[in-house]
1. I want to check the label-to-label distance for residue 60 and residue 18. Put each point 7 Å from Cα in the C-beta direction and report it in nm to one decimal.
2. What's the FRET efficiency of residue 45 with residue 79 using the Cβ-Cβ distance as r and R₀ = 22 Å, to the nearest 0.05?
Ligand SMILES: [Zn+2]
């Protein structure tokens, strides 16, 4: 019976991810593959984002959403958090 070292598998996976990251950095004009899009999740409903993700940009944050309604809902949710922080600071 083969002994599976989970730690080794994890290390190999992170190594692969590092290589992938380096490749992405090296090739700035790399096209986002379909696999990458499928792996994206909606910032609001956490559902998978297929085809064209609806990008939402707040300040320097970028979030993807699966549909326009999720995008606006996420924006509202995020906006509320900023407003509450701002009003707290005003006190
Ligand atoms: Zn969604």
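All of the numbers you see were taken from the coordinates with simple rules; none came from a lab. All of these numbers come straight from a predicted model, not from anything done at the bench. Neighbour counts are summed over all protein chains in view; Cβ atoms, including those assigned to glycine, are modelled from backbone coordinates with ideal geometry.
1. 2.5 nm
2. 0.80
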